[in-house]
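Undergrad: Structure provided below as structure tokens; questions to follow.
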Amino acid sequence: MATSTQRGIIKFDNIVNFRDVGEYTNAVSGASYMKPHMLYRSARPDQASVYDLNTLELSLRIQTILDLRTPYILLIHSPAIPKPLMPPKAQNTPPSPPTPTPHHQQSPPRAST
């Protein structure tokens with residue numbers, strides 16, 4: 001189960017190096033540069049236990065995970081990011097055709113006499 005520690009670092013069962021970036025930055029700098037509880041960072045969220053996932057989703061209310069690892073590192077580690085934390089995939093539906101716009105008819109030019 002996750003427990004809070006000093007400087008915004010939160011201990012999980014399986015997720016390592018997890019921290020609240022705002023709390024950590026403010027504690028280290030001694031100033032209030034960033035709002036706490038808005039941005040978190042960690043290593044290997046794909047290793048999360050059931051308790052870790054519950055904490056991420058229910059307690060911390062994390063809705064999106066951005067994985068910034070390179071394709072090479074992803075290939076080596078073959079991560080399986082937990083599906084409840086992944087953003088919904090866009091459907092592969094073709095875009096709808098444009099709606100025709102009405103063309104205003106112009107009067108034919110008048111013949112000069």
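Undergrad: For the stretch 15-66, give me each residue that is among the hydroxyl-bearing types (Ser, Thr, Tyr), part of a loop (DSSP other than H, G, I, E, B) and touching an Asp or Glu at 6+ places or on another chain (Cβ under 7 Å).
TA: Ser49
Undergrad: Further question: Looking at the stretch 39-77, which of its residues are under 14 Å from Ile10 (Cα atoms) and surrounded by fewer than 12 Cβ atoms within 10 Å (Cβ to Cβ)?
TA: Hits for the stretch 39-77 are Ala43, Ser59.
Since every read-out is calculated from the coordinates, none of them should be taken as a lab result. Not measured: the values here are computed from a predicted model. Reconstructed Cβ throughout: ideal geometry from the backbone, glycine too, with neighbour counts over all protein chains shown.
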